[in-house]
Amino acid sequence: MKALITGITGQDGYFLAKLLLSKNYEVYGIARRKSNMSLGTLDCDETLKRSVNILWGDVLDNPFIESTIKQVKPDEVYHLAAQSFVGYSFENPEVTYDVNIKGTLHVLNSIKDYSKSTRLYNATTSEMFGKPQVTPQNEKTPFFPRSPYAISKLAAYWTVADYREAYGMFAVNGILFNHESEVRGPEFVTKKISLGVAKIYHGSHDPIVLGNLDAKKDWGYARDYVEAMWMMLQQDKPDDYVIGTGEQHTVREFVEEAFKVIGMTIRWKGEGVNEVGVSEDGRVLVKVDLRLFRPLESDNYMADYTKARIKLGWEPAVKFKELVKIMVEHDIKNLSQNHCFKRY
Ligand code: NAP
Ligand code: GDD
């Protein structure tokens, strides 16, 4: 079996490539040149890097996507490439729309025109629920996007649903809730916290500076979520699935749990932007900065993944506390060994 992954240099690309190789797939991955030819998360794993066929290009380059699909004729495409940072999307909506909508359209059209039997996984998101109308959220929950990122993903979601129906394509949307890992990008809140805690463990006096501590999310482990992506493409019929843990936690709880991993207890003092997290001996370990708040917040997320559990047989193996432990312990080890830091 041949699989093509767009966005292979990101967090999910890393875990998905590993999963597919373990299943003896021939794996192709699209990577784009930035100021150098770095391969992001793949640079953290030489064996993985050597096992993947890298194709250099951009999802915005339609002729490149067309020729890639024509030449590779993959059995499965996992379309993960995106401008995936919600905060950045408020500042740069146009590039977010371009990459996330046009990029998806290029992949869909190329499959439709040149490789109709290819199965497509499209990475969509709980962000499409935005300001959720009900909690927990499942496949029937109305969408209410609250950021350019969420709007772009909703456009991609409907485009995939439309092509599936109009052209009989095997194309699915995974509606994935937040998932994190050791190789999470440094701008995302969980990695900011785990890395900040690891630095404090190693003697740093720099507090961790955060925005909205009360945002409620459903956080799972990326390794579990790429299994769900694969499962979606092994079904008899294409369909869309919600993937999450069914647990809800705040950013504040993530901070508290992360400090527990290094044996510290956080106490909160003050309110709003003056709130701080202090250690038992009164040291300020966490601060709040208004600039890190978003113009609109999307939260109160909790996944109802019943459909995935029943139809795919999928369950998350790692839940909140273990996830936090995995991330903090990894960063502590990484800092002491000066291991792969290309992403940080
Ligand atoms: P990520 O770490 O930010 O990775 C995004 C990937 O897209 C990177 O490989 C990036 O390449 C690539 N990319 C961006 N623009 C591109 C372009 N114009 N052409 C080609 N490649 C491009 O994201 P992730 O966490 O792995 O998430 C994977 C997908 O799932 C994304 O679509 C994201 O929106 C979606 N999603 C993620 C979560 C989550 O919690 N992680 C939840 C729901 C949905 P560079 O390395 O060159 O930047
Ligand atoms: N990034 C960041 N930095 N977020 C912060 C901070 C901070 O300093 N302080 C508080 N937050 C809050 C954000 O306001 C948000 O409510 C929450 O922490 C999580 O933010 P991110 O980690 O940036 O992730 P996200 O939820 O916005 O988006 C991620 O998950 C989506 C799934 O719901 C991304 O991976 C998206 O691509 C994905 O679709």
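Taking the options GLY203, GLY196, GLY220, GLY185, name whichever one is more than 14 Å from the chain's Cα centre (by Cα) and within 13 Å of ligand 2 (Cβ to nearest atom).
Just one listed residue meets the conditions, GLY196.
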Please verify whether region 196-208 includes one or more residues that are open to solvent by 10 Å² or more (accessible area, probe 1.4 Å) and within 14 Å of ligand 1 (Cβ to nearest atom).
-> no
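Under the condition of being in contact (Cβ under 8 Å) with a residue 24 or more places away in the chain and open to solvent by 10 Å² or more (accessible area, probe 1.4 Å), which residue from region 93-108 is farthest from TYR163 (Cα to Cα)?
Among those residues, the one meeting the criterion is PRO93.
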With a cut-off of at least 1 residues that are more than 16 Å from ligand 2 (Cβ to nearest atom), modelled with pLDDT of 95 or more and among the hydroxyl-bearing types (Ser, Thr, Tyr), name the helices (runs of 4 or more DSSP H) lying wholly within region 23-95.
-> 46-51, 62-72
Give SER22, SER51, SER38 a once-over and let me know the one that is farther than 20 Å from GLY103 by Cα, open to solvent by 60 Å² or more (accessible area, probe 1.4 Å) and small (Gly, Ala, Ser).
-> SER22
Out of the residues in region 25-35 that are closer than 20 Å to VAL95 by Cβ and open to solvent by 20 Å² or more (accessible area, probe 1.4 Å), which is farthest from the chain's Cα centre (by Cα)?
-> SER35
ASP45 meets each of (1) open to solvent by 10 Å² or more (accessible area, probe 1.4 Å); (2) more than 15 Å from ligand 1 (Cβ to nearest atom) with one exception, condition (2)
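The values are calculated or read from the model by the stated rules, or taken from the named source; none is laboratory data. What you see is a predicted model, and the numbers here were worked out from it, not measured in a lab. Ideal geometry is used to build each Cβ from the backbone, glycine not excepted, and the neighbour counts take in all protein chains shown. Just the protein is used for accessible areas: all its heavy atoms, side chains included, with ligands, DNA and RNA removed. Shrake-Rupley method; radii C 1.70, N 1.55, O 1.52, S 1.80 Å.
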